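Worksheet: one structure, shown below.
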Amino acid sequence: MRIVEIREKTASIASPIANAYIDFSKMTCSVVAVITDVVRNGKKIVGYGFNSNGRYGQGALMRDRFIARVMEAKPESLIDLENDNLDPFAVWRTLMTNEKPGGHGERSVAVGTIDMAVWDAVAKIEGKPLYRLLADRYRGGIADDKVWVYAAGGYYYPGKDDSRLQDEMKSYLDRGYRVVKMKIGAAPLADDIRRIEAVLKVLGGDGSRLCVDANGRFDLPTALAYAKALEPYGLFWYEEAGDPLDYALQAEVSHAYGGVMATGENLFSHQDARNLLRYGGMHKERDFVQFDCALSYGLVEYLRTLDVMKEHGWSSRRIVPHGGHQMSLNIAAGLHLGGNESYPDVFQPFGGFADEVAIIDGHVGLPDIPGVGFEAKSKLYAVMKELAA
């Protein structure tokens, strides 16, 4: 049993949308295929992965450092003898050989993308959906049969007025979502409040069904001004008010804001997660964290992050991963997270879940096929299958 080849390519997920910090007109992601010599039903098992939106494709780093390390390793050093399978922890250690600690930037995305593909292959070799494998190994065999999801959208589009924003949110409700999210921070506060109130009309005035996301845009005075303006609406959460590494800002806003806060999608290691929980003033019974495995060195590192949360008294149910993809959905179901982001319309074909899986009262199930389930999302699998052909 061995990995015979790792292939990567860059795919476009460009879209004429913007949040408070960036536009996505040139956004890319990396797609990876980990090809093994294990044969099932006459075909070699291939594990697939890709990185979440918001960080560009990392093909150069993979080619220059990470793929070569795996391919140069002794095949037997990457085997999990107990489970007669590939060992994702051994692969991860190999990927990180000669890497200094700290600096959790672009390399965390490169490693996380390869790690996703390795876990897809591991679950396929074992003949189980990934969420079932995770539940069996780490949660006493108990998996969630459905996962709460919210619809992320509400970006700033050129020429998009409030009525089009309302139409977008109505479409999510029509598809079965109960909570939606919109962007703030790229317009003046008064304009954003007008946009929020337009969406609340669609939601019947129920602020508890609306998340807002500033994408780390605000300095402290602006973050506090928004907090004061937002608090009367009783929103589901106020997300990423300031720079993700400014824990002092997060702590001060958390202290001043009486509602729910969320952050963490741009923290890429268990050490950074620990610092957020130590110094960010987050409330473990109230707030949410949004660490994204595909951006933060993958599931091997994510398990360490979950351990850090447990050490600090946080329930795994307080984590709702960023990214809106099937890998996080499997982790949510298998490791008992609180839910998952969903991109019903943007970042296609990578956003969203299996084709035949419906959103029912804000919850989604998972396909009962081995691996992450990419094969059940036809347009995405067409891209991946091309890479492995």
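Listed values for the range 184-194 are Karplus-derived 3J(HN,Hα) couplings in whole Hz (6.51 cos²θ - 1.76 cosθ + 1.60, θ = phi - 60°), namely 9, x, 9, 10, x, 3, 4, 5, 5, 5, 4, and x replaces Gly and Pro. In the chain, the DSSP beta bridges split such that about 55 percent are antiparallel, to the nearest 5. Counting only Cα atoms, the size of the range 264-389 along its three principal axes is 46, 34, 26 Å, in decreasing order. By the helix-only formula, in which each DSSP H run with n ≥ 4 contributes -39500 (n - 2.57) and the sum is divided by residues, the chain has a 222 nm mean residue ellipticity of -10500 deg cm²/dmol.
The ranking of Ser254, Ser52 from fewest to most other beta carbons within 10 Å of each one's beta carbon is Ser254, Ser52. Quotient of the Cα radius of gyration of the range 179-228 and 2.2 N^0.38 Å, N being its number of residues: 1.12.
Remark: the Asp84-Ser315 segment gains 80.0 nm on full extension, using 0.36 nm per residue and subtracting the alpha carbon distance. For the range 1-93, pairs of C-alpha atoms spaced more than 19 angstrom apart make up 51 percent of the total.
Of Leu95, Leu189, Leu329, how do they rank once you tally other Cβ atoms within 10 Å and put the fewest first?
Result, fewest neighbours first: Leu189, Leu95, Leu329.
A straight Cα-to-Cα reach below 17 Å connects Lys43 with the aspartates and glutamates Glu5, Asp120, Glu126, Glu375, Glu386, residues fewer than 8 places away in its own chain not being considered.
Among Met96, Met261, what is the fewest-to-most ranking by other Cβ atoms within 10 Å? Write out the running numbers ahead of the final one.
On the way: Met96 18, Met261 23.
The fewest-first ordering by Cβ neighbours comes to Met96, Met261.
Quick one: among Ser108, Ser316, Ser171, which has the greatest mean-square fluctuation in a GNM of the chain with alpha-carbon springs under 10 angstrom? Among Ser108, Ser316, Ser171, the largest mean-square fluctuation in the Gaussian network model of the chain belongs to Ser171.
Pairs from the table (Lys100/Lys284; Lys9/Lys379; Lys146/Lys284; Lys124/Lys379) lying more than 26 angstrom apart at Cα are Lys100/Lys284.
Hull volume per residue, based on the alpha-carbon atoms of the chain and their convex hull, is 127 Å³. Considering only alpha-carbon pairs that sit under 8 angstrom and 6 or more positions apart, the relative contact order computed for the chain is 20 percent. Placing +1 on each Lys and Arg Cβ and -1 on each Asp and Glu Cβ, with no other charges, gives the chain a dipole about its Cα centre of roughly 380 debye.
None of the figures in this text is laboratory data; all of them are computed from the coordinates on show. These figures come from a predicted structure and were not determined experimentally. Virtual Cβ from ideal backbone geometry, glycine too; neighbours counted across all protein chains shown.
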